[in-house]
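Take a look at the structure below.
The values are calculated or read from the model by the stated rules, or taken from the named source; none is laboratory data. The shown structure was predicted, so the numbers you read here are calculated from the model rather than taken from an experiment. As a convention, Cβ positions derive from the backbone with ideal geometry for all residues, glycine included, and neighbour counts pool all protein chains shown.
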Amino acid sequence: MQAKDIVPLNPTHHPAPGTGRVTLARVLQAQAGEALWVDCDGTTLPPMGHAQSTPALRPGDRVLVLLQPATGPVILDRLRRHGEAPPSQAVTERDGHVHLRAERGLYLRCGESSMTLEPEGRMEMRGRELHGIMARLMHFLAARIHFN
């Protein structure tokens with residue numbers, strides 16, 4: 001290889017019109033978790049859309065965008081804030097079932113009803129009423145069962 005064969009990388013290279021390029025931008029204004037305006041290299045632009053997996057955005061967030069000259073930038077993802085933990089992998093789906101996993105406990109709440117699961121094996125359900133409607137059989141298995 002000779003020196004004439006070496007082509008330096010040029011970070012300011014702009015692709016041909018219509019091909020787009022990926023760059024960083026900053027969210028200037030957001031509403032309901034979506035960016036309304038972003039600053040791309042000193043230019044204020046309205047995004048034409050957000051990728052499905054983009055988390056909720058707020059002003060000041062740094063985002064990865066695909067610049068589309070004809071339509072405006074597409075927001076691909078958000079960079080984590082300083083000190084922010086990576087997203088949880090606690091929710092998965094397998095064979096049509098949603099699996100939730102929590103190391104230190106799980107708390108579900110809807111209005112006056114709640115359910116708590118603790119890692120030691122304790123489960124608690126709270127609410128005004130508990131209905132168990134079974135077509136055939138309901139099993140309760142424990143060393144002792146207390147009703148009132």
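Taken over region 31-53, the criterion of being under 19 Å from the mean Cα position of the chain (by Cα), over 17 Å from A70 (Cβ atoms) and surrounded by 12 or more Cβ atoms within 10 Å (Cβ to Cβ) is satisfied by E34, A35, L36, H50, A51. Taken together, M138, M125, M134 contain a single residue that is touching a strand residue (DSSP E or B) at 6+ places or on another chain (Cβ under 6 Å), farther than 30 Å from A35 by Cβ and modelled with pLDDT of 85 or more, which is M125. In region 4-15 there is no residue that is modelled with pLDDT of 90 or more, surrounded by fewer than 10 Cβ atoms within 10 Å (Cβ to Cβ) and out of contact with any strand residue (DSSP E or B) (no Cβ under 9 Å at 6 or more places or on another chain). Just checking, how many residues over region 51-89 are of a type in the set (D, E) and at pLDDT below 90? So the count comes out to 1.
Criterion first (in the same structural domain as R26 (by TED's automatic domain parsing) and surrounded by fewer than 12 Cβ atoms within 10 Å (Cβ to Cβ)) does A70 satisfy it? Against the criterion (in the same structural domain as R26 (by TED's automatic domain parsing) and surrounded by fewer than 12 Cβ atoms within 10 Å (Cβ to Cβ)), A70 qualifies.
Can you confirm whether L106 is surrounded by 13 or more Cβ atoms within 10 Å (Cβ to Cβ), modelled with pLDDT of 95 or more and at negative phi? Spelling it out, it is not the case that L106 is surrounded by 13 or more Cβ atoms within 10 Å (Cβ to Cβ), modelled with pLDDT of 95 or more and at negative phi. Which residues, counting only those in region 75-96, are out of contact with any Pro (no Cβ under 7 Å at 6 or more places or on another chain) and either of a type in the set (S, T, Y) or outside any loop (DSSP other than H, G, I, E, B) (or both)? Answer for region 75-96, where residues must be out of contact with any Pro (no Cβ under 7 Å at 6 or more places or on another chain) and either of a type in the set (S, T, Y) or outside any loop (DSSP other than H, G, I, E, B) (or both): L76, D77, S88, V91, T92, E93, R94.
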